[in-house]
1. Only one residue in B:Ile151, B:Ile145 is at pLDDT 80 or above and closer than 20 Å to A:Ile13 by Cβ, so which one is that?
2. Residues in the stretch B:316-330 that are more than 7 Å from chain A (Cβ to nearest Cβ) and surrounded by fewer than 21 Cβ atoms within 10 Å (Cβ to Cβ): how many?
3. Can you tell me which residue in the stretch B:395-412 is nearest to B:Val307 (Cα to Cα), limited to those that are within 14 Å of another protein chain (Cβ to nearest Cβ) and part of a loop (DSSP other than H, G, I, E, B)?
4. Restricting to the stretch A:263-318, what's the tally of residues that are within 30 Å of A:Arg364 (Cα to Cα), crowded, with 24+ Cβ neighbours inside 10 Å and either under 15 Å from the mean Cα position of the chain (by Cα) or without any contact (Cβ under 8 Å) to a residue 40 or more places away in the chain (or both)?
5. Return only the number of the condition from (1) surrounded by fewer than 24 Cβ atoms within 10 Å (Cβ to Cβ); (2) within 8 Å of chain A (Cβ to nearest Cβ) that B:Thr333 does not satisfy.
6. Need the failing condition index for A:Ile578 against (1) among the β-branched types (Val, Ile, Thr); (2) outside any loop (DSSP other than H, G, I, E, B); (3) free of Cβ contacts under 8 Å to residues at least 40 places away in the same chain, just the number.
7. What are the residues in the stretch A:510-540 that are touching a residue at least 60 places away in the same chain (Cβ under 8 Å), touching a Lys or Arg at 6+ places or on another chain (Cβ under 7 Å) and open to solvent by less than 10 Å² (accessible area, probe 1.4 Å), if any?
8. Considering only residues that are away from the ligand (no atom under 11 Å from the Cβ) and either open to solvent by 80 Å² or more (accessible area, probe 1.4 Å) or over 25 Å from A:Cys545 (Cβ atoms) (or both), look in the stretch A:332-365 and name the one that is nearest to the other protein chains (Cβ to nearest Cβ).
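The values are calculated or read from the model by the stated rules, or taken from the named source; none is laboratory data. The model shown is predicted, which means the values in this text are computed figures rather than measured ones. When we count neighbours, we look across all protein chains shown, and the Cβ atoms used for this are built from the backbone with ideal geometry, even at glycine. Remember, those area values only see protein heavy atoms, side chains included, never the ligands or the DNA or RNA. Shrake-Rupley method; radii C 1.70, N 1.55, O 1.52, S 1.80 Å.
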Amino acid sequence: MNNDNRRYTFLFIVGTICVIYIVRLFALQVATSEWKNKGSRLTEREVVVYPSRGNIFDRNGKVLVTNQTVYDLMVLPKEVLPFDTLEFCKLVNLPYEELKEILKKSTTYPNVKYKPSPVIKQMLPEEYALFAERLYKFPGFFVQARTLRTYPESLGALLLGDVGEVNKEILEKHPDYRKGDYIGLNGIEKSYEKELRGKRGIKYVYRDNLGVEHSVANGQLDSAAQEGVDLYATIDAELQKYGEQLMQNKRGCIVAIEPSTGEILALVSAPTFDPNLLVGRARGQNFSALARDPLKPLFNRATQAQYRPGSIFKLAQSLTALQLGSITKDTRIACNRGLIGCHGAHSMDDLEMAIVHSCNPYFRGVLQRVVEANRDPNNRAKDAAIGLSIWNEQIRKLGFGSNLGSDLPGMKKGNVPSAEYYNKKYGVEAWNFSTIYSIAIGEGEMLINPVQMCNLVCIIANRGFYVPPHTVRQIGRGGSARSEYVTRVDVGVKPEYFETVVNAMEKVVGPGGTANSIKLSDIVICGKTGTVQNEPREDHSVFVCFAPKENPKIALAVYVEYAGFGGTWAAPISSLMIEKYLKGGTTNKGREELIMNAKILN
Amino acid sequence: MAASGKQNLQLDWGTIALYGTLVLFGWLSIYSAAFNPLLPSPFTFSEEYGKQLVWIGACVFLIVVILYLDAEVFNKLAVYIYFFFVLLLMLVLVIGKEVNGAKAWFGIGDFGIQPSEFSKIGVGLFLSKFISSSGMQLKNLRTRIQAFAIIGLPAFLILLQPDVGSLLTFLAFILVMYREGMSGNVLIAGFASVVIGTLSIVIGAGRTTYPYFGELSSIWTFIISLFGLSILALIFVRNFVVPRSRRMLYSVVVISMVLASSLAFSINYIVDNVLEKHHKERIYVMLSLPVERQDATYNSEMAKITVGSGGFIGRGFHQGPMTQNNYVPEQWTDFIFSAVAEEWGFLGSVTVILMFFTLIYRLVLLAERQRSQFSRVYGYCVAAIIFMHLLINIGMVLGLAPIIGIPLPFFSYGGSSLMAFTILLFIMIRLDAERLSVFR
Ligand SMILES: [Zn+2]
């Protein structure tokens, strides 16, 4: 049996396969550039050039927020050689187990050997300096500089806000962000993200066989990074710092606004913390420590707290009732303490004195005149519903129940009870004036936040208008504020009605007034004390004021939680703030020391 | 042990030159693919290219030893060599090191030895001795079973590792047996099985809704089609074939139908229920069927991109962006051909394929000019083994075969593979060198 011809069959099979493979090679390499292009897209990569974020200055040009360079220690697994892991761990101060885990992760899908992965992120220059000189001993490890926020004045943590790397949720919502980008999470950083962020640049590079990167097409496709815009905040750093000092070891807040412009001069929420804690590697750890703190330092009491307004609300009630014609400044109402409690010796005040004495029965009577005006003579419940709606509409013009169009993120709106609100709560026609009268004196369901309260003072100081409170006065050097912050909002109350209120507020800080103790010889302060009841705990101490009486420069709302009567703590803090702002400091060092050392954290 | 007539040795220098060229080209490719810019010296023994130099050195030593041995030794010791490697294959199952899920390696310090690579030498020698010693007819069923047993024992042990790649290369011996007289129907049946198997996987991957039976694997469509085809064939036989052959052809058609259906059904069953998920995915990737996991297609995709990146003339030595940036994982082992394709382009790749073809062609020539049947069968073994590796390895790189980890002869990084192929080839060269002094 001769099978010699089978050698040709064998060679034929081999030859056929070789031809098939050559044809396939031709298809992949020559006939189309599809695969080659796919390769280019892989090997030529985009390098993101991060812009530096805009700086934030205070109203006097002092730096509040700027950037610092930090270093990410990276590993390029392809270039790592066997190295003394123990020495390395000691050098960069990293537990061995963690390093092992990081190295393993750096080469497992979707990470690959030829792409750098972070080992330690965001080291401060001093941390990097500890091993910078000896890093060369570990091929494959290198550092990459990035910028982080830093706060030279260490103030205004919640006001300025913080930035963080974008997470998955943000990426889904904002497609123009990419992994690794920073975004403002709070405060000015958040509300002016668009301006501060700048524009990411893109550089196209390819790596040659020595691992050196070259630009593609001489950089013609590259786009330069645009730095973020600098912001000039309305904040007065000195005043802000002073406010934070006065509020140390207390809970509460201070809101200070320049009435004529709506510029927020200081926004203190106490207890506060050093904003630098939320930067860099320790961020996560510090953040959770702050989040666990029972005193809630991350809670911005100035914008997010909603308090019952208490006696201070009588100022708003007065303006509303005057404008609605329910009372005149000469209306006298008996201090009938059978209807509602009162204090002090008085019996039949007019409006001005009722404000000075903070007469509860008087303002119960005021609201009754607004709400029960016999608009429906046969049905007391319907009459109250109509009256309350009229009242609600008027009082909202003073900024209650809204966020005022402010640029403060997360501002709470509070609650201005409406007829619908009570219908839901009690049922339609199941309530009347005697059900709801406690809102007359700022108790009951009425809720405001401290910025709204300060804004009310601005309205009074301006005798009829406000500018939405805002935190940035210039976008870019020599720029202007956002357009909505240069126009006045008229509250629809005649200027003459303000005189009674202003005069009363002047008397509050005068002989016989509840805040007489803070009267200054050279500056006329117009104020109003308040207490917010928190049964069974101690009242919140509240004081609002503006100064000077004519041509006011500053309006304040001060809340000290669980501190009792408003005149005790909130009023002196206000006067110290006024002196600081208008005169650069107080001469009453004893008061200043007493306040700063007081600890009210029961 | 020096051969008596070593001055008379007629070495086939052409084959040796081809071997040298392939090994050199292979080493250059490894040097490029595994290049570490921080350690550019070829003598960096911590990197693959340095290690491969050591292996090449070891091969030179082995070549000298083989050429000094008496050619008779290989014939005489064939059985012992065979069983020595069978023993190693058993041993590796017990004390072997598990790499990528297969117990295929003896680990000695930093180095590993893969006995399955060497076992082909034993099978080649023993099979040649078996076929030549008795002048046996491979048409004889008994002989055929014995020959299959020689191949099957190590193949079975390799299956236990399990190392599908090495197992497949044993198909080379079927080609050898065909050359030595085994019926060509085996090849045809094998070819038909590959076609039916492929179709059953491709069709079986889908699902179809059948009347009365609801949604089932589409494999049933394929089996029904086979059934329909055989009915057509029966009608054809009945009407167009002379009556005397009809009976025989009826049974051929029916048996083929039954065999094809059960093959299709069992392959479909194995793919769906027996194979591990990653094996199934590799097969699906090769057949361009949809795969759930993205990374299952990664290697195949990267290999194709790397090949395509080369273009017609290639990117140049050390200039391939895909190769230099290690986009293909462990490119210097089983995917080394993609580095050749990227850096030397279509021209270089075709050159390599043609060099392999020339080597195989040369081996067939050498085999056919042997006087001894032992040498001839052995020559075919060498040619067929190299061919099977070429077929599977380059097919894999080009996306025409599933991702099966077997080395490209003389090119891929690795001591076991390089040494085994060197021994395999140089035994043939040694045998050929004495062809004139051997009588039938
Ligand atoms: Zn009274």
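1. Only one candidate qualifies: B:Ile151.
2. Summing the residues that are more than 7 Å from chain A (Cβ to nearest Cβ) and surrounded by fewer than 21 Cβ atoms within 10 Å (Cβ to Cβ) in the stretch B:316-330 gives 4.
3. At the first step, the residues of the stretch B:395-412 found to be within 14 Å of another protein chain (Cβ to nearest Cβ) are B:395-401, B:408-409.
Now drop any that are not part of a loop (DSSP other than H, G, I, E, B), which leaves B:398-401, B:408-409.
Details: B:Leu398: 8, B:Gly399: 10, B:Leu400: 13, B:Ala401: 15, B:Leu408: 16, B:Pro409: 19 Å.
In this case the residue turns out to be B:Leu398.
4. The number of residues fulfilling the criteria is 3.
5. Every condition holds for B:Thr333 apart from (2).
6. Unmet condition: (3).
7. A:Cys526, A:Val532 - these are the residues of the stretch A:510-540 that are touching a residue at least 60 places away in the same chain (Cβ under 8 Å), touching a Lys or Arg at 6+ places or on another chain (Cβ under 7 Å) and open to solvent by less than 10 Å² (accessible area, probe 1.4 Å).
8. A:Gly338
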